[in-house]
Amino acid sequence: MLSIQNLTKTYKGGKKAVSNLSLEVEAGDIFGFIGHNGAGKTTTIKAAVGIMDFDAGDIRIDGISIRENPLLCKQKFAYVPDNPDLYEYLTGIQYLNFIADVFQIPAAERQARISQSAGELDMTAALGDLISSYSHGMKQKIALIGALIHRPKLLILDEPFVGLDPEAVVAIKGVMRRMCSEGAAVFFSTHVLDVAEKLCNKIAVIRNGKLVVTGETDKLTGGRSLEDMFMEVMDNAKADSDSDSASAV
């Protein structure tokens, strides 16, 4: 569903944000992308959704290159950033109808889809309110409802649980699980390791732009907590990096 092969991105000044990164997200996966601040998670996601160019490698959505055919790719996935920009002068339902118009969703279908997602995320009563009156969590929810309206095969989220109350977290996890049970896939970055441990069947850990480890969550943790595994992997990666630096001197 999402194939990233040998992705490399270097910013001006020579800072390499992502280096030769490869990973695969398959249908049915809830895939957690984990790393410290500045590790390269958001850069990878922005490259995957076509809003940031990259230096080398290939990214394919359902087998289609994001570089060669970005419009077709964007019909197949949906993206919600950590702080979505919304049209705050619109009501929730006006915004959702605008998104449905963009994807040319017929009236009967859009109503059913909006009703389902708004019900799952407890937003039905707020759809008539201006988005400017929404809390951060409500804005995250309305952005997610909009993202789901065209029934994407792949949902890509950047830090979806930051600033959300427990009820909102539970609701969004439920939407993720439903999507994947229907054959879609979810790829998201997060710092919330306990959520990733319980939710994700696969994870990838990135450090300083390089993929450290990836695979099935249960196999990687091996009976430990994801937090313990993450700290061990980070310590080992740091030790290897320090050793390489010393050898180069």
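Each residue of region 40-49 is assigned a 3J(HN,Hα), and the resulting list reads x, 5, 5, 4, 4, 5, 5, 5, 5, 8 Hz, derived from the Karplus form 6.51 cos²θ - 1.76 cosθ + 1.60 (θ = phi - 60°), x at Gly and Pro. Loop sites by DSSP among the GluC sites (Glu not before Pro) of the chain, restricted to those with at most 16 other Cβ atoms within 10 angstrom, leave 89-181 as the longest stretch without any of them. Here the simple spin-label model places points 7 Å from the Cα toward Cβ, and for residue 53 and residue 124 these points are separated by 4.8 nm.
For the chain, the longest principal axis of the Cα atoms and the long axis of helix 226-248 meet at an angle of about 40 degrees.
Of the residues 108, 133, 208, the one whose Cα sits farthest towards the positive end of the charge dipole of the chain is 108 (charges of +1 on Lys and Arg Cβ, -1 on Asp and Glu Cβ, taken about the Cα centre). To check you understand DSSP bridge types, tell me what percent of the beta bridges within the chain (both residues inside) are antiparallel, rounded to 5. Bridges in the chain are about 55 percent antiparallel. Compared with the dominant principal axis of the Cα atoms in the chain, helix 136-148 is inclined by about 80°.
How large a share of the accessible area of the chain, in percent, is made up of carbon and sulfur atoms when the probe is 1.4 Å and the other protein chains stay in place?
Numbers: 5880 of 11860 Å².
Summing carbon and sulfur atoms, their accessible area is 50 percent of the total for the chain.
Looking at the chain, which longest stretch skips every one of the trypsin sites (Lys or Arg not before Pro) that is in a DSSP loop with at most 13 other Cβ atoms within 10 Å, leaving the sites themselves out? So the longest stretch without any such site is 16-223.
Of the chymotrypsin sites (Phe, Trp or Tyr not before Pro) found in region 45-126, those that fall in a DSSP loop while having at most 16 other beta-carbon atoms within 10 Å are 87, 89, 103. Rg and Dmax over the alpha-carbon atoms of region 131-216 stand at 13.7, 42 Å.
If I stretch the segment between residue 87 and residue 165 completely, what's the gain in nm (0.36 nm per residue apart, minus their alpha carbon distance), one decimal?
Values: separation 78, 0.36 × 78 = 28.08 nm, distance 2.29 nm.
25.8 nm is the gain from fully extending residue 87 to residue 165.
Two decimals is fine: what's Rg over Rh for region 180-230, C-alpha atoms, Kirkwood radius as Rh? Show your work: numbers first, answer last.
Details: Rg = 11.3 Å, Rh = 11.7 Å.
Value, to two decimals: 0.96.
Is the shape of the chain rounded, prolate or oblate, going by the alpha carbon gyration tensor and its root eigenvalues a ≥ b ≥ c, with a/c under 1.5 for rounded and a/b larger than b/c for prolate? Prolate shape, in that a/c is at least 1.5 and a/b is the bigger ratio.
Give the shape of region 41-81 as rounded, prolate or oblate, defined through the alpha-carbon gyration tensor: a ≥ b ≥ c are the square roots of its eigenvalues, a/c under 1.5 means rounded, and otherwise the shape is prolate if a/b is larger than b/c and oblate if not. Note, shape of region 41-81 comes out oblate.
Applying 1/(1 + (r/R0)^6) with R0 = 25 Å to the Cβ-Cβ distance of residue 65 and residue 10, what FRET efficiency is obtained, to the nearest 0.05? That gives a FRET efficiency of 0.75. Pairs exceeding 25 Å between alpha-carbon atoms, taken from 46/139; 74/238; 76/219; 12/210; 41/198: 74/238; 76/219.
Counting each DSSP H run of 4 or more residues in the chain as -39500 (n - 2.57), what helix-only mean residue ellipticity at 222 nm follows after dividing by all residues, to the nearest 500 deg cm²/dmol? Could the numbers behind the result be given before it?
Working: 9 runs with 104 residues, N = 249.
Helix contribution divided over all residues of the chain: -13000 deg cm²/dmol.
Kindly express, to the nearest 10 degrees and within the range 0 to 90, the angle between helix 107-120's C-alpha long axis and the longest C-alpha principal axis of the chain. Helix 107-120 and the main axis of the chain meet at about 60 degrees. For region 1-38, applying the loop criterion from DSSP together with a ceiling of 16 other beta carbons within 10 Å to the chymotrypsin sites (Phe, Trp or Tyr not before Pro) yields 11.
According to the square roots a ≥ b ≥ c of the eigenvalues of the Cα gyration tensor, what is the shape class of region 71-158, taking rounded for a/c under 1.5, prolate for a/b larger than b/c otherwise, and oblate for the remainder? Oblate.
The values are calculated or read from the model by the stated rules, or taken from the named source; none is laboratory data. Computed from a predicted structure; not experimentally measured. Don't worry about glycine lacking a Cβ; one is built from the backbone with ideal geometry, like all the others, and counts go over all protein chains shown. The protein model used for the area step is the full one, side chains on, heavy atoms only, and it has no ligands, DNA or RNA in it. Shrake-Rupley method; radii C 1.70, N 1.55, O 1.52, S 1.80 Å.
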